[in-house]
1. Is it the case that residue 44 is at pLDDT 95 or above, among the hydrophobic types (A, V, I, L, M, F, W, C) and more than 17 Å from residue 115 (Cα to Cα)?
2. Which residue out of 39, 24, 96 is among the hydrophobic types (A, V, I, L, M, F, W, C), surrounded by fewer than 18 Cβ atoms within 10 Å (Cβ to Cβ) and farther than 25 Å from residue 126 by Cα?
3. Mind telling me which of the residues 47, 75 ends up being in a loop (DSSP other than H, G, I, E, B) and touching a Pro at 6+ places or on another chain (Cβ under 9 Å)?
4. Would you be able to tell me the number of residues in region 149-159 that are outside any loop (DSSP other than H, G, I, E, B) and either farther than 29 Å from residue 69 by Cβ or not assigned by TED's automatic domain parsing to the domain that holds residue 260 (or both)?
5. Residue 20 fails exactly one of the following numbered conditions: (1) touching a residue at least 60 places away in the same chain (Cβ under 8 Å); (2) out of contact with any Gly (no Cβ under 6 Å at 6 or more places or on another chain). What is the number of that condition?
6. Report, by residue number, each residue of region 51-62 that is touching a residue at least 40 places away in the same chain (Cβ under 8 Å) and assigned to a strand (DSSP E or B).
7. Of all residues in region 78-93, which are in a helix (DSSP H, G or I) and not small (Gly, Ala, Ser)?
8. Tell me, please, whether a residue that is assigned to a helix (DSSP H, G or I), at pLDDT 95 or above and of a type in the set (Lys, Arg) can be found in region 160-169.
Amino acid sequence: MPELPEVETVCRGLASRLEGRRLVRLELRRPNMRFPFPVGLTGLVEGRVVTTIKRRAKYILMMLDDGGVLIAHLGMSGRMTIGPAATLELEPHDHVVFETEDGTAVRFNDARRFGFLDYCRASDLATHKLFVDIGPEPLGNEFSGPVLAAKLKGKMSPIKAALLDQKTVAGLGNIYVSEALYWAGIAPTRMAGTVQGESADTLVASIRQVLLNAIAAGGSSLRDYVQATGELGYFQHQWAVYGKEGEPCPDCTCKIGIERIVQSNRSTFYCARRQQ
């Protein structure tokens, strides 16, 4: 599933071509994706100007000039790519097509159809069921060591699981949690409630740095993810531990190398010597 850096990269690509443009056509090529499309969605979107495109957690928010918000989630295999409408050749899994007044087309392609579109008013966004319980943005000013420590206090679950909980912090997924814990020197099996004080400060700094590095590299391309331009992301070439079981640790002198364990049915990669 695309995580925060991938969604942020897509948002930036879409913003460069859609902000300030009027959406003249919305084609829904099937009645649903993961969920049915909102009733009357075409009429709510067509003719509206996209004022801002931003991200909240792993969601793309298209803010419209009448106060409406189009919410998109890429699911497991979704991608949004930009191209000229005049030469658009639709593919079998292009389920949604946006077209702007200047001839730009955006295709929402999703082979597995776990992605979706929703709509609400901007005034209702904070209380929308998708966002009401989501934690702080890890790149925002509201996220700090003390804030994370307070979220983790008393939690008996492993720190890896706690960070994947979107109520703790928004947008993190399996790849970037493994990477951040490695650079913070914190074992993924450590009880979340024990990550306090300096440890929480260090972890927050590591989370931020890993995410910023990933965004700068255009995200990580594993199977389906591409940037809005159609280009691959390149951060997978900078991974320290993820997917590298048995390989030497990049910042450690241990002889065991990177190990893999399974937590909550997901692979975790870490260094048992470096991470305590």
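1. When the stated conditions are applied, residue 44 passes them.
2. Values: 39 fails: farther than 25 Å from residue 126 by Cα; 96 fails: surrounded by fewer than 18 Cβ atoms within 10 Å (Cβ to Cβ).
Going through 39, 24, 96 in turn, just one is among the hydrophobic types (A, V, I, L, M, F, W, C), surrounded by fewer than 18 Cβ atoms within 10 Å (Cβ to Cβ) and farther than 25 Å from residue 126 by Cα: 24.
3. Checking each option against the conditions leaves just 75.
4. Residues of region 149-159 outside any loop (DSSP other than H, G, I, E, B): 149-152, 158-159.
Next, from what is left, pick out any that are either farther than 29 Å from residue 69 by Cβ or not assigned by TED's automatic domain parsing to the domain that holds residue 260 (or both): 149-150, 152, 158-159.
Residues that pass the stated criteria total 5.
5. (1)
6. 53, 54, 55, 56, 59, 60, 61, 62
7. Within region 78-93, just 87 meets the criteria.
8. As a first pass, look at region 160-169 and keep what is assigned to a helix (DSSP H, G or I): 160-164.
From the residues that got through so far, the ones that are at pLDDT 95 or above too are 160-164.
Applying the additional criterion that residues be of a type in the set (Lys, Arg) yields 160.
Yes, that holds for at least one residue.
The values are calculated or read from the model by the stated rules, or taken from the named source; none is laboratory data. None of the values given here were measured: they were computed from a predicted structure. Cβ atoms come from the backbone with ideal geometry, glycine included; neighbour counts cover every protein chain shown.
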